[in-house]
Amino acid sequence: MLKRSKFETTQSQIMLRAEELISAASNRYRITVQVANRAKRRRYEDFENNEDAIMKPVLRAILEMSDEMTQPEIIGEL
């Protein structure tokens, strides 16, 4: 029996978004480190808030960063 994921994004969509991030970056190592740092930060935030994470922190970081890249209006002006 296949294990169903609790979120609507499929593995192929995550792979496509990760590829978009890497191809848009000027340095593959740097974008990898940025994803890892964001995932680490989110993991500790979830732990401090006692939240059960539906999605793993690395997957969430990839999705967030690809959304920020493709939809800059969600970041807004500071």
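Round to the nearest 0.05 the FRET efficiency obtained for Ala25 and Asn49 when R0 = 35 Å and r is the Cβ-Cβ distance. After rounding to 0.05, the efficiency reads 0.70. Atom-type composition of the exposed protein surface of the stretch 22-69 places 49 percent of the accessible area on carbon and sulfur (1.4 angstrom probe).
The values are calculated or read from the model by the stated rules, or taken from the named source; none is laboratory data. Model, not experiment: these values are computed from the prediction. Ideal geometry is used to build each Cβ from the backbone, glycine not excepted, and the neighbour counts take in all protein chains shown. Surface areas here come from the heavy atoms of the whole protein model, side chains and all, with no ligands, DNA or RNA. Shrake-Rupley method; radii C 1.70, N 1.55, O 1.52, S 1.80 Å.
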